[in-house]
1. Check Ala105, Ala20 and return the single one that is modelled with pLDDT of 95 or more, hydrophobic (A, V, I, L, M, F, W, C) and more than 30 Å from Pro259 (Cα to Cα).
2. Could you please tell me which pairs satisfy a Cβ distance under 8 Å, a separation of 6+ or placement on different chains, a first residue in the stretch 21-38 that is farther than 21 Å from Ser83 by Cα, and a second residue that is of a type in the set (S, T, N, Q) and assigned to a helix (DSSP H, G or I)?
3. Checking Lys327 against (1) open to solvent by less than 10 Å² (accessible area, probe 1.4 Å); (2) in contact with a Phe, Trp or Tyr (Cβ under 6 Å, 6 or more places away or on another chain), which single condition isn't satisfied?
4. Just to be sure, is Gly252 crowded, with 24+ Cβ neighbours inside 10 Å and within 11 Å of ligand 1 (Cβ to nearest atom)?
5. Could you give every pair whose Cβ atoms fall below 6 Å, whose first residue belongs to the stretch 109-121 and is in the same structural domain as Arg152 (by TED's automatic domain parsing), and whose second residue is assigned to a loop (DSSP other than H, G, I, E, B) and among the charged types (D, E, K, R), counting only separations of at least 6 or pairs across chains?
6. Which of the following residues is within 15 Å of the chain's Cα centre (by Cα) and either away from ligand 2 (no atom under 16 Å from the Cβ) or small (Gly, Ala, Ser) (or both): Gly148, Gly132?
7. So, Ser297, is that one touching a residue at least 60 places away in the same chain (Cβ under 8 Å), hydroxyl-bearing (Ser, Thr, Tyr), open to solvent by 40 Å² or more (accessible area, probe 1.4 Å) and in the same structural domain as His362 (by TED's automatic domain parsing) or not?
Amino acid sequence: MLNFDFYNPTNIIFGKGQIAQLNKLIPRDARVLITYGGKSAKSTGTLQEVQKALSGYEIHLFGGIEPNPRFETLMKAVAVIKSEKLDFILAVGGGSVIDGSKFIAAAVYAESDPWDIVLKFGQSIKKAMPYGAVLTLPATGSEMNSGGVITRESDKTKLPMMNRLLYPRFSILDPTKSYTLPTKQLANGVVDAYVHVVEQYLTYPVNAHVQDRFAEGLLQTLIEIGPEVVANPQDYDLQANLMWCATMALNGLIGAGVPHDWATHMLGHEITALHGLDHAQTLAVILPSMLQHRKKSKHDKLLQYARRVWNINHENADKAIDEAIAKTRSFFVSLGVKTTLGEYQLGPEIIEPLMAQLEAHHMTQLGEHNDVTPDVCRQVLKLSM
Ligand code: NZQ
Ligand code: ZN
């Protein structure tokens with residue numbers, strides 16, 4: 001096992017009806033900015049439920065944070081916080097609203113150009129406002145981690161940031177709040193959580209037995225419940241299991257003491273920024289080809305994945321690995337998520353502009369061995385057509 005330093009201070013309040021706890025979680029004299037996305041927070045009634053739980057508080061609202069939250073929009077929230085002298089943020093939404101709120105929390109204290117926060121991957125942050133979250137979409141794990149992904153629309157740049165100061169103080173995980181999710185978003189959530197586990201598990205063995213068994217358990221849970229929850233979004237137990245699974249997939253626990261990959265994510269971010277595919281749609285397209293192309297360097301873990309996650313017992317290791325990759329693809333398809341770029345009407349002409357973006361963003365040595373160069377990404381994209 002590799003050395004590690006595990007830290008996660010987020011208080012999770014899980015279950016039906018837990019929004020009512022908000023007045024115990026936010027100081028009574030706080031001046032609160034509630035951040036949310038487009039229409040869903042209002043149309044589902046979640047925003048009203050939150051406001052009711054905070055009756056008597058000074059509340060300001062900031063809506064309109066878009067999927068793949070934009071720097072340009074988030075800076076407007078920073079201006080509201082400064083002009084109204086607010087001191088607590090409550091994010092009500094999915095990964096985009098929570099990530100956006102992380103950026104807002106840090107940008108309020110930015111000493112230079114706030115975009116530098118993102119250009120320096122969050123490392124320059126010295127101070128951030130306290131914030132909490134009410135999760136409405138199980139997928140990203142943002143509700144219990146210190147990362148976020150921000151897009152600057154003006155130059156189509158989508159980059160991750162991370163800093164210990166960005167953990168939510170608390171997150172309320174009420175599985176009934178995701179009953180209203182459209183099928184597409186639920187399927188996206190299952191795929192995103194699945195790929196988060198894969199990016200931390202499917203690298204090379206370091207004898208991290210606990211992390212491996214946890215990761216395999218999360219993957220098997222997603223395989224078991226994924227198609228069911230997409231078909232039955234109002235089933236409490238399915239939603240509860242998906243929500244906790246997605247949180248556990250990226251809260252640092254399974255990633256402590258093991259190598260990480262993240263090449264699929266970084267390439268996927270560029271595709272979202274240039275072509276507008278949803279985050280998880282890019283992952284479902286890239287991951288199968290990424291695994292196929294890097295079969296040699298991932299051999300031992302791919303075989304473990306085939307045997308333990310998919311119960312494939314062929315003697316022939318190569319055949320077992322191919323079958324595990326094929327099953328991964330079929331799993332995404334079974335959720336209704338496409339696995340080739342062609343299905344999105346994207347062809348080989350997109351490859352070189354994507355390579356230029358990877359170079360511009362210094363994403364040239366990705367993966368657990370830092371050997372996923374733009375040329376490797378080029379080959380992976382060709383396999384994804
Ligand atoms: O905008 P509204 O109207 O609210 O609709 C949203 C949005 O259109 C809708 N939605 C959310 N909750 C709903 C709902 N609709 C009905 N009922 C509900 N209860 O869902 C749509 C997508 O929301 P979004 O927040 O964008 O989705 P997701 O949670 O998948 O977040 C994606 C973002 O997270 C980043 C991605 O890159 C992307 O920008 N990620 C963040 C990570 C992190 N912080 O650790 C890791 C991930 O790898 C990921 O990169
Ligand atoms: Zn993701």
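The values are calculated or read from the model by the stated rules, or taken from the named source; none is laboratory data. Source: prediction; values computed, not measured. Virtual Cβ from ideal backbone geometry, glycine too; neighbours counted across all protein chains shown. With ligands, DNA and RNA removed, areas are computed over all heavy atoms of the protein, side chains included. Shrake-Rupley method; radii C 1.70, N 1.55, O 1.52, S 1.80 Å.
1. Step by step, each of Ala105, Ala20 is checked, and only Ala20 is modelled with pLDDT of 95 or more, hydrophobic (A, V, I, L, M, F, W, C) and more than 30 Å from Pro259 (Cα to Cα).
2. Gly37/Ser96
3. It fails just one condition, (1).
4. no
5. Short answer, once both residue conditions are applied: Tyr109/Lys127.
6. Step by step, each of Gly148, Gly132 is checked, and only Gly148 is within 15 Å of the chain's Cα centre (by Cα) and either away from ligand 2 (no atom under 16 Å from the Cβ) or small (Gly, Ala, Ser) (or both).
7. Spelling it out, Ser297 is indeed touching a residue at least 60 places away in the same chain (Cβ under 8 Å), hydroxyl-bearing (Ser, Thr, Tyr), open to solvent by 40 Å² or more (accessible area, probe 1.4 Å) and in the same structural domain as His362 (by TED's automatic domain parsing).
Yes/no per residue for (1) away from ligand 2 (no atom under 16 Å from the Cβ); (2) outside the structural domain of Thr140 (by TED's automatic domain parsing); (3) at pLDDT below 95:
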| residue | (1), (2), (3) |
| --- | --- |
| Thr282 | no, yes, no |
| Tyr305 | yes, yes, no |
| Arg308 | yes, yes, no |
| Glu315 | yes, yes, yes |
| Val333 | yes, yes, no |
| Gly336 | yes, yes, no |
| Tyr344 | yes, yes, no |
| Gly347 | yes, yes, no |
| Gln365 | yes, yes, no |
